[in-house]
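Below is one structure; the comments refer to it alone.
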Amino acid sequence: MKKVYEGKTKDVYSLDNGNVLLKFKDEGMTCIIISHKLNEVSYVADEITVIRDGTTIETIDNAGHDIDEDRIIKGMVGREIEDRFPKRPDVKVGDISMEVTDWTVFHPLYPDKKVVDNVNIHVRKGEVVVMIGPSGGGKSTFLRCMNLLEQPTEGSIIFDGIDIVSADERTKNRVRSEMGMVFQHFNLFPHLTILDNITLAPKLVRGISAAEAGKNTEVCIIGCSGDCCVCA
């Protein structure tokens, strides 16, 4: 039996019954994994093929080789990556701009199951806040609720003093127009450049010109030679 697995390798690593891919191997199953979860892939794979721009860059036999994430990334982008995690410059953190209180969401199909259970957080202006946890932990549901893409069962979310849960529709839409969200399945428009995809929302929602939107947008593509669709 052969299996092709594409995309969310995190799902098979987070299941309660253990590492499913290794179980597949133990059962003699042939697996082809398409993924960018590099550490996990280097751990489970017997052979790794790196592809860039439609061309095979390198095929690595994992047996007896020291394969790490840096080697795979070098093959993917075509050069060494220095300062992959550079020190963040000092940023002035201001007052609380968003506060979530008693945020609770029940599953729409299983009303007895809480997806988000009494979450309380606050975020200050200028902060970068990261939410981590296993698959199914409620991260995506919580973030979708912040923009009211999903409605909470209980709780409030306050942006700059405005509770958008209880606000009127006009106020909700005004506050939501100030938010930017990038989803796991970001669904870029294929007929547009990266820059056009990024600046589309400010132009449509905020009504700013293409020149102003482009001026306020900085795009950096790892490994770009300077002649891509953004930089050219």
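The values are calculated or read from the model by the stated rules, or taken from the named source; none is laboratory data. This is a predicted model, so every value here is computed, not measured. Methodologically, a virtual Cβ is constructed for each residue, glycine included, from the backbone with ideal geometry; neighbour enumeration extends over all protein chains shown. When the accessible area is computed, the model is the full protein with side chains, heavy atoms only, and any ligands, DNA or RNA have been set aside. Shrake-Rupley method; radii C 1.70, N 1.55, O 1.52, S 1.80 Å.
Here are some notes:
- Accessible-area composition of region 45-176, carbon plus sulfur, in percent [1.4 Å probe]: 48 percent
- As computed over region 83-156, the Cα convex hull volume per residue (Å³): 109 Å³
- Cα centre as origin, Lys/Arg/Asp/Glu Cβ charges: region 69-178 dipole, Debye: 380 debye
- Value of relative contact order over region 42-186, rounded to a whole percent, pairs C-alpha under 8 Å and six or more apart: 17 percent
- Extension reserve of the ARG174-ILE57 stretch, reckoned as 0.36 nm per residue once the Cα distance is removed: 37.3 nm
- A Förster radius of 41 Å, combined with the Cβ-Cβ distance separating ASN187 from LYS92, puts the computed FRET efficiency at roughly 0.75.
- Residues HIS122, HIS107, HIS191, sorted by accessible area with the largest first, give HIS191, HIS122, HIS107 [1.4 Å probe; ligands and nucleic acids excluded].
- Annotation for region 85-193: trypsin sites (Lys or Arg not before Pro) lying in DSSP loop with at most 12 further Cβ atoms inside 10 Å of their Cβ are LYS87, LYS92, LYS113.
- Probe 1.4 Å, all protein chains present, accessible-area order of THR199, THR30, largest first: THR30, THR199
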